[in-house]
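Contents: one structure, followed by commentary.
The values are calculated or read from the model by the stated rules, or taken from the named source; none is laboratory data. Note that the coordinates shown come from a computational prediction; the quantities given were computed from them, not determined experimentally. Glycine gets a Cβ as well: all are built from the backbone with ideal geometry, and neighbour counts include every protein chain shown. For accessibility, only protein heavy atoms count, side chains too; no ligands or nucleic acids. Shrake-Rupley method; radii C 1.70, N 1.55, O 1.52, S 1.80 Å.
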Amino acid sequence: MHRNALRRLAPACLAAAAALAIGGGASAQTAAGGKIKVGFMLPYTGTYAALGNAIENGFKLYVQEQGGKLGGREIEYFKVDDESDPAKAPENAAKLIKRDQVDVVVGTVHSGVQMGLVKVAKENNTLLIIPNAGVDEATGPLCGANIFRSSFSNWQPGYAMGHVLAERGLKKVVTLTWKYAAGEQSVKGFKEAFESKGGKVVKEMSLPFPNVEFQALITEVAALKPDAVFVFFAGGGAVKFVKDWAAAGLKDKIPLYASGFLTDGTLEAQGAAAQGLETTLHYADGLGSARDKTFRLAYAKTFKLQPDVYAVQGYDAAQMLSAGTGAVKGDMSRKAELYKAIEAARIDSPRGAFTLSKAHNPVQDFYLRKVDGRENKVSGVAVKSLADPGRGCRL
Ligand code: BEZ
């Protein structure tokens, strides 16, 4: 390009042209110390909308507590509503990774959407921190050096509840869930623990996500007269299920157990129908640690809302990013070092400190909780330091 023509270009274009000329594109800018670009790919509409908002809030709270900077660099946010729609996942992931050239994607909530996002992140070697979706494959056969999770694998909370019910001597359980990876893999984890200790899952029932026409299924469960029912539902669907279960008169007839998503972030809407329900999860109300109390106070003050497990997972996703960016002093082009630092981090989470497994999934305690008023009160530890087996991961 002629010198005079270059002078006529706007300064921003000059910077971009210079970056391309040295062959670096986004990474040259990354190393030079502009803002770190964080892309949220989360559901902001539909049955999981509240979950997406809580994750974003939690993430931003941690960044705010660090003075708005990680690794010495300010943060710029980009957002895509993934609508919990797996069919749109590749296109939505590309919006953040290709169009916006983000340094890290924080996403997502729905296991089916997660499969598409993991694929695009791996193809582009973009750092991905999963702040909820439990799809086992992400820290199993599809694991990757750049793929991390701040939440759980679907197997984990199900396994914890299977262990609890077997210990209680229950024998005959029916399962009910949405028919997609989160529900199916929760049931698989439940079954693995429950049946290895002498229990039997006598029937596995399901309905398509995000369908909430539970009535016929509830009637069928009642007719089977099991010792108990284990379910996976979350978000808006969980509210409806718990209310329908109570309205059918089964609340005091057939014991209902679940992974904690059934009652997390939902108690205000579920009201009396949820009282006394027992669930297993990696977070609970009333943990009582100084770390948790500080977090809860700050969250409530900032957002005028009580935090839930999703807020904690968002907060910890930011802590994981902070561990990585701190190690490379904000230079996001030093990818191998960035990933190593996240992998080795000990995260001081409100849930209790955790480290990551070889496949990059939290190794963490699973609490037994019981609904009391507006709280999922901790009643004990169901399984301590539970690690997902990471089957099929080669790292
Ligand atoms: C999932 O799809 O992985 C999921 C969604 C909501 C809560 C828990 C898991």
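Assorted remarks:
- When only Cα pairs below 8 angstrom with a gap of at least 6 residues are kept, segment 206-261 shows a relative contact order of 47 percent.
- The chain: relative contact order in percent, alpha carbon pairs under 8 Å with at least 6 residues between: 19
- Cα gyration tensor category, rounded, prolate or oblate, for the chain with a/c compared to 1.5: prolate
- Global form of segment 173-228, assessed from the alpha-carbon gyration tensor, a/c cut-off 1.5: oblate
- Between the residues Ala318, Thr263, Ser289, the greatest Cα displacement towards the positive end of the dipole of segment 259-343, with unit charges on the Cβ of Lys, Arg, Asp and Glu, is found for Ala318.
- In segment 256-340, trypsin sites (Lys or Arg not before Pro) in a DSSP loop with at most 15 other beta-carbon atoms within 10 Å: Lys304, Lys329
- Pairwise label distance in nanometres, Lys69 with Ala272, each label 7 Å out on the Cα-Cβ vector: 5.5
- Accessible area per residue for the chain is 40 Å², calculated with a 1.4 Å probe on protein heavy atoms, without ligands, DNA or RNA.
- Relative contact order for segment 323-365: 25 percent, from Cα pairs under 8 Å spaced at least 6 residues apart, divided by residue count.
- Against the chain, whose longest principal axis comes from its Cα atoms, helix 11-21 is set at around 90 degrees.
- Here the simple spin-label model places points 7 Å from the Cα toward Cβ, and for Thr294 and Glu76 these points are separated by 3.1 nm.
- Principal-axis analysis of the Cα atoms of the chain puts helix 290-303 at an angle of about 70° to the longest axis.
- Degrees separating the helix 181-196 axis from the principal Cα axis of the chain, which is the longest one: 50
- Rounded accessible area of Phe209 (nearest 10 Å², 1.4 Å probe): 50
- Note on the chain: helix-only mean residue ellipticity at 222 nm, from DSSP H runs of 4+ residues weighted -39500 (n - 2.57) and normalised by residue number, equals -12500 deg cm²/dmol.
- Count Lys and Arg as plus one, Asp and Glu as minus one, and take only other residues whose Cβ is under 11 Å from that of Ala133; the net charge is then -2.
- Stretchable slack from Phe303 to Gln215, in nm (0.36 nm times residue separation minus alpha-carbon distance): 28.1 nm
- Computed over protein heavy atoms with a 1.4 Å probe, the carbon and sulfur contribution to the accessible area of the chain reaches 54%.
- Among residues other than Ser379 with Cβ under 12 Å from its Cβ, the summed charge is -1 (Lys and Arg +1, Asp and Glu -1).
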